[in-house]
Amino acid sequence: MSHKVTIPIGPYHSLQEEPEFYQLTVDGETVTDIDVRIGYVHRGIEKVAESKSFDKIIFLVERICGICSTSHPMASVLAMEDVSGVEVPDRAQYIRTIVCELERIHSHLLWIGLAGHFLGYNTVWMWAWKYREIVCDIFEAITGNRQNYGMMKIGGVRRDIEDEYLPGIMKGMDDVLRALDMFKGAVLDDPVLAARLKGVGILSKADALSYSALGPTSRASGVDKDVRRDDPYAAYDRVKWNVITQKDGDVFAKAVVRILESYESVSIVKQCLQKMQKGPIDSDPKELPEGEGIGHAEAPRGEVFHYVKSDGTNSPERYKVRAPTFMNFPTFKATVIGETISDATIILAAIDPCYCCTERMTVVNRKDKKTILTGEDMIKMSQDKTRRMYKRMTGKELA
Amino acid sequence: MSIKMKALLKSPWVFHLCSGSCNNCDIEILDCLTPRYDIERFGMLLVGSVRHADVLLCTGVVNKLGESRVKRVYQQAPKPCVVVAVGNCAASQHIYRGSYAVGKPLDEVIPVDVYIPGCPPKPEAIILGVVKLLEKLKKG
Ligand code: SF4
C-alpha cells in the first residue's frame, strides 16, 4: 500500500539560513518527488543595477550574495573591462587572485561546518567556523571588512596589500593548513560520516552534464571543468595549481572536492604573495564606451556569469547575472528522488545552495493574482515570444 | 517588573528571521554562536521555533513576497518579544530602496526596538546591540 504524503519545509524554517520552500513528496521513508518554491529573497538587483552608475554596480553585485561577495564583483569588473578593453596592472591581478582564493577557503570551511550541522555533528560546525575566523581576520586586515570586501574596481583594485601584512597572511595560511589537515583526518576518515555520506545523493556524470551542473557539484561527478583554468582571469595562469575532481558524485565526494580545493587555494594564495611585485594597482579608467561585455569567474559554488550592455552613459542599459546555484538547483531531481527523507537535507545542502544569488525572478501585478510561475507557464511564455518574434520578422504566423 | 520580563532578561532566546538579505548578516549572526564569540555565555540561545523566542533578529529587506509571512512570524512569537533589525538592509532598505521587489521597510511591517547598522555588522556589534537592549529593558 502506498501512502503519499507531502512534507512542507519552510519558508522560514529553523534549519535554513535563508527562506526557501521545499515540498517533499514521500512514500513511507522514500522521497518520490521534490518541488522548490523560491522568491523570498528576490530583491530585483538587475533592475536596480540599471539605475546605478558603473562604480556603484560593483558594490551592488557584491551584495547579491554574502558568501561569494568577491566572485560577483570579479565577474562584474571583468564584464566591464571587456567593454572598455582597459589593461589591469600586474599587482592588481595578483591581489584579485588572493582575495578570490581567500574567499574560497572561507566559503568551503563554512560549508563543511554547515554540512556537519545538518548531519547533527555540531562539533564539526564549531571547529570549521572557528578556523574560518582566521580567514575573516585576514580579510579584516587587508580589506577593512570581514565580509563584503569592496576590493574590486574597474581597471584594478581599491586597496593595496601592505608589506607588513604579508608575514601575518602567511602565518594565517599555515594555520588554515593545519586545520585542513585535521579536517581531512577527522572528516574523511570518520567511519560514521563515511557511512552517512558515501553512496548518498549520487549525481552521475551523465546527469551532471545534462543538467549543466557547475563548480564542485560537477567536479565531484568527474566533470573536469573550472573557469579558472579554462578561461584564466586575474593571475590564475601565472601560478601552479590543480583542478580537483572525484568520480563518485555522492555527498562524500563533494565534501572531498571542497576540502582538497581549499588546499589548492592556500597554495595559490602563498604563490601569489611570493610572486607579487611592487607596482601600480589601478589603471583608473574614466569612462566606459558603448558596447556589450561578459565576464565569468569561478565562485566557490561554480561559475558566475555577468553580462553588461552599456550605451555610453554612466549606467548600463541592461545588466544580467547568472549565479551557479541556478544551474545546480535542478540536480535535486536527480539526486534526492529515491533517497530517504533523513538524507534529503544533507543532499540539498551538498550543492551548497545559495538562494540569494539565484532568485532572479518574481511576477508582480498579475491580474489573476498568481505570483509564481510553473515550468509550463515559462515554456508557454517562451513559445509565445518565439511566435511574436517570428511574426515581427517574417510577417507570417508560426505554424 | 513582570515575571515574564524577568525571565526574558535572564536568558533571552533568539530566533533568526531572514527575509531578503544577502546572507552576510545571517552568517554573522550564526558566527555569534561559534566558539570565538559564543553568545551562549550571556544565556542567549538560538532556537528553532519562533514560538520559543524572546528576541527576533531580523535581517534583510522585506520583499513583497515575504511581507505577509514576516508579519505572521511576528504574530506567532509570544509577547513580550523584542525585535532587532540587524544590518543596513533591515534598518533602512540599504541599496535596494526603490526596487520593484521591495515593499515597506521592516519597521512598518512589524515594530522594531533596536537597529544595528553595518553591512554586515560585526558579531561584536550584534552582541553589543542585544546587550544594550537588555540593559534598557532592565531599567524599564
Ligand atoms: S546589510 Fe549588507 S550584509 Fe546585511 S543583508 Fe544587507 S547587504 Fe547583506
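The values are calculated or read from the model by the stated rules, or taken from the named source; none is laboratory data. All values reported here derive from a predicted model rather than from experimental measurement. All Cβ positions, even for glycine, are placed from backbone atoms using ideal geometry, and neighbour counts span all protein chains on display.
Which condition number in (1) away from chain B (no Cβ under 14 Å); (2) among the charged types (D, E, K, R); (3) assigned to a helix (DSSP H, G or I) is the one that A:Glu103 fails?
(1)
Residues to consider are A:Arg132, A:Arg146; find the one that is closer than 17 Å to B:Arg36 by Cβ and within 16 Å of the ligand (Cβ to nearest atom). Step through it out loud before you land on a result.
Values: A:Arg132 fails: within 16 Å of the ligand (Cβ to nearest atom).
Going through A:Arg132, A:Arg146 in turn, just one is closer than 17 Å to B:Arg36 by Cβ and within 16 Å of the ligand (Cβ to nearest atom): A:Arg146.
Evaluate the following for B:Val102: is it touching a Leu at 6+ places or on another chain (Cβ under 7 Å), within 18 Å of B:Cys18 (Cβ to Cβ) and within 16 Å of the ligand (Cβ to nearest atom)?
On the way: touching a Leu at 6+ places or on another chain (Cβ under 7 Å): no; within 18 Å of B:Cys18 (Cβ to Cβ): yes; within 16 Å of the ligand (Cβ to nearest atom): yes.
So B:Val102 fails the test.
Can you tell me which of (1) touching a His at 6+ places or on another chain (Cβ under 9 Å); (2) at pLDDT 90 or above is the one A:Gly168 doesn't meet?
Only one criterion in (1) touching a His at 6+ places or on another chain (Cβ under 9 Å); (2) at pLDDT 90 or above is unmet by A:Gly168, namely (1).
Has segment B:127-134 got at least one residue that is out of contact with any strand residue (DSSP E or B) (no Cβ under 8 Å at 6 or more places or on another chain) and either surrounded by 22 or more Cβ atoms within 10 Å (Cβ to Cβ) or under 20 Å from A:Glu62 (Cβ atoms) (or both)?
no
Does B:Gly43 fit the bill of being modelled with pLDDT under 85, within 16 Å of the ligand (Cβ to nearest atom), surrounded by fewer than 20 Cβ atoms within 10 Å (Cβ to Cβ) and among the small types (Gly, Ala, Ser)? Can you show your working first?
Working: modelled with pLDDT under 85: yes; within 16 Å of the ligand (Cβ to nearest atom): no; surrounded by fewer than 20 Cβ atoms within 10 Å (Cβ to Cβ): yes; among the small types (Gly, Ala, Ser): yes.
When the stated conditions are applied, B:Gly43 does not pass them.
Of all the helices (runs of 4 or more DSSP H) wholly in segment A:186-257, which have at least 2 residues that are within 19 Å of the chain's Cα centre (by Cα)?
Helices (runs of 4 or more DSSP H) meeting the threshold: A:205-210, A:215-219, A:227-230.
Tell me which residues, restricted to segment B:110-140, are within 14 Å of chain A (Cβ to nearest Cβ) and over 26 Å from A:Arg146 (Cβ atoms).
If the condition is that a residue be within 14 Å of chain A (Cβ to nearest Cβ) and over 26 Å from A:Arg146 (Cβ atoms), then B:Ile110 is the only one that fits.
Is one or more of the residues making up segment B:73-89 at pLDDT below 85, surrounded by 20 or more Cβ atoms within 10 Å (Cβ to Cβ) and within 16 Å of the ligand (Cβ to nearest atom)?
no
Taking the criterion of being surrounded by fewer than 19 Cβ atoms within 10 Å (Cβ to Cβ) and not β-branched (Val, Ile, Thr), would at least one residue in segment A:65-82 satisfy it?
Looking only at segment A:65-82, we keep the residues that are surrounded by fewer than 19 Cβ atoms within 10 Å (Cβ to Cβ), and these are A:82.
With the extra rule that they be not β-branched (Val, Ile, Thr), the set shrinks to A:82.
Yes; the residues of segment A:65-82 include at least one that is surrounded by fewer than 19 Cβ atoms within 10 Å (Cβ to Cβ) and not β-branched (Val, Ile, Thr).
Could you tell me whether segment A:150-157 includes any residue that is more than 22 Å from the chain's Cα centre (by Cα), more than 14 Å from every other protein chain (Cβ to nearest Cβ), away from the ligand (no atom under 16 Å from the Cβ) and not acidic (Asp, Glu)?
yes
Quick one: what pairs do we get from segment A:177-194, first residue within 13 Å of A:Trp127 (Cα to Cα), second part of a helix (DSSP H, G or I) and polar (S, T, N, Q), C-beta under 8 Å, 6+ apart or different chains?
Going by the 8 Å Cβ cut-off, the qualifying pairs are A:Leu180/A:Ser262.
Could you grab the pairs with beta carbons closer than 9 Å, sequence gap of 6+ or different chains, first residue in segment B:116-139 and within 16 Å of the ligand (Cβ to nearest atom), second one in a loop (DSSP other than H, G, I, E, B) and basic (Lys, Arg)?
Taking only residues 6 or more apart or on different chains, the pairs are B:Cys119/A:Arg63; B:Pro120/A:Arg146; B:Lys122/A:Arg146; B:Pro123/A:Arg146; B:Pro123/B:Arg36.
Looking at (1) closer than 30 Å to A:Ser84 by Cα; (2) assigned to a loop (DSSP other than H, G, I, E, B); (3) within 14 Å of chain B (Cβ to nearest Cβ), find the lone condition where A:Gly120 falls short.
(1)
How many of the residues in segment B:103-134 are closer than 16 Å to B:Asn88 by Cβ and hydrophobic (A, V, I, L, M, F, W, C)?
Here the count works out to 7.
If only one of A:Leu78, A:Leu119 is at pLDDT 90 or above, more than 20 Å from B:Lys122 (Cα to Cα), in the same structural domain as A:Lys286 (by TED's automatic domain parsing) and more than 14 Å from the chain's Cα centre (by Cα), which one is it?
A:Leu78
Are any of the residues in segment B:62-71 within 16 Å of the ligand (Cβ to nearest atom), modelled with pLDDT of 85 or more and buried (at least 23 other Cβ atoms within 10 Å of the Cβ)?
yes
Pick out the one residue from A:Ile244, A:Ile268, A:Ile347 that is buried (at least 19 other Cβ atoms within 10 Å of the Cβ) and under 22 Å from A:Pro73 (Cβ atoms).
Result of the check over A:Ile244, A:Ile268, A:Ile347: A:Ile268.
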